[in-house]
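Worksheet: the structure to be examined is printed underneath.
The values are calculated or read from the model by the stated rules, or taken from the named source; none is laboratory data. Just so we're clear, the structure is a prediction, and the values are computed from it rather than from any experiment. Using ideal geometry, Cβ is built from the backbone for each residue, glycine included, and neighbour counts are taken over all protein chains shown. What goes into the accessible areas is simple: the full protein's heavy atoms, side chains included, and nothing from ligands, DNA or RNA. Shrake-Rupley method; radii C 1.70, N 1.55, O 1.52, S 1.80 Å.
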Amino acid sequence: MIALLFAGAFSLAFTLFLTPLFIRLFRRLGWGQFIRDDGVAGGQLSHHTKRGTPTMGGIVFLIGGLLGYIVGHWVAGVPWTMVGVLVFGMAFGLGLVGFIDDFIKTRKQRSLGIGGWTKIAGQVIIGTVFAVFAITENFRDENGLTPASTNISGVRDIGWLNLAAFGTVIGFVLFVVWVNVITTSTSNAVNVTDGLDGLAAGASIFAIGAYIFIGFWQFNQSCFSRTLDHAVAYKCYEVRDPIDLAVAAAAICGALIGFLWWNTSPAQIFMGDTGSMALGGALAALAILSRTELLLVVIAGLHIMTTGSVILQRAWFKITKRRYGEGRRIFLMSPIHHHFELKGWAEITVVVRFWIIAALFVAAGVGAFYLEWVSR
């Protein structure tokens, strides 16, 4: 508990007080946001005033989160765990992919960094490395648990959905594929959500914050806890070091809250793909390691909704173009937050209302998690 509190407090203080230093540094380096000259929807929506705002701010909260995690363990006098290393490994790995994309954009002053398939290849490489370390037999703990499980999980592992049932080799390959589906989907979903000042940061605070509660609850109800009430022992969770997942989530949340102070409208720094992809990676890792993979669809509901709007828009445009010879649109513009901007909503109004939606999704996800325990 001490590690959790200090991790969150230190990372929050780090980003809250030191982000201005990074803003000045990024300006000197010329890491400014590029905005396309063609505008949006014929100029009805203009974000050109944001041109030159420092980007790659994900570097700030990644450093703050990692330092918070380290300081929390140092103060509490407890060692790091493999699950914590995997969460930050995934976040930093995908953050590196995003950084390369951001760096090319700022250096060449264009809206396209690395190609879409190149970006996915980078995500797959990071996801595969994560999967190997998460399931390898060499990283079993004293209770015989690997960081992740070959079972597909909802609120906990689903016994009849064990990928290992297809054999060791095929099961391992399927697990790697499953991890990459979660990783690429989540990192791209957060990336798509990052379109308005503070939107992705605020929504991610709620989503990652859910894993503070989930990790802490799993720790209290762990099958390996000596203080577990025998009356509810049959409801226990077989999760590797859940309290450290809560500490990692707290560190990232604290760093995001401090960063949001400077990222909210009008933003003085953007997280860039560096930050959005890193946050998606952290969310994916937390879901996989806490055995709540399918529950992530609800917890990250706003990110899923935003990505879904892009998929629907493109699919409907292609279908109608093939049928009528002219593409039609469901939304004035996708992702959906830009649709509401074009409807006349102020940017800050869209952001705050979407934060509310994100919080409701998280409440539903955490509620489903707790309801499963109560109803067993």
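Can you say whether L228 is in a loop (DSSP other than H, G, I, E, B), in contact with a helix residue (DSSP H, G or I) (Cβ under 9 Å, 6 or more places away or on another chain) and either open to solvent by 60 Å² or more (accessible area, probe 1.4 Å) or without any contact (Cβ under 8 Å) to a residue 60 or more places away in the chain (or both), as far as the supplied structure shows?
When the stated conditions are applied, L228 passes them.
Which residue pairs have Cβ atoms closer than 8 Å, lie 6 or more positions apart in sequence or on different chains, and pair a first residue in the range 335-346 that is more than 15 Å from L312 (Cβ to Cβ) and assigned to a helix (DSSP H, G or I) with a second residue that is at pLDDT 95 or above and open to solvent by less than 30 Å² (accessible area, probe 1.4 Å)?
F340/V350; E341/V350
For the range 331-351: of the residues being aliphatic (A, V, I, L, M) and over 19 Å from V310 (Cα atoms), which is least open to solvent (accessible area, probe 1.4 Å)?
For the range 331-351, the residue satisfying everything is A346.
Note down all Cβ pairs under 9 Å where the first residue falls in the range 308-319 and is closer than 10 Å to I330 by Cα, the second is outside any helix (DSSP H, G or I) and charged (D, E, K, R), and they're at least six residues apart or on different chains.
Filtered contacts from the range 308-319: Q313/R329; W316/R328; W316/R329; F317/R328; F317/R329.
Being in a helix (DSSP H, G or I), touching a Pro at 6+ places or on another chain (Cβ under 9 Å) and more than 17 Å from A249 (Cβ to Cβ), is that true of even one residue in the range 175-196?
yes
Filtering the range 43-58 down to residues that are surrounded by fewer than 22 Cβ atoms within 10 Å (Cβ to Cβ) and assigned to a helix (DSSP H, G or I), which residue is modelled with the highest pLDDT?
The residue in question is K50.
One residue is enough: does the range 62-78 have a residue meeting the conditions among the aromatic types (F, W, Y), crowded, with 18+ Cβ neighbours inside 10 Å and either modelled with pLDDT under 95 or under 24 Å from I120 (Cα atoms) (or both)?
no
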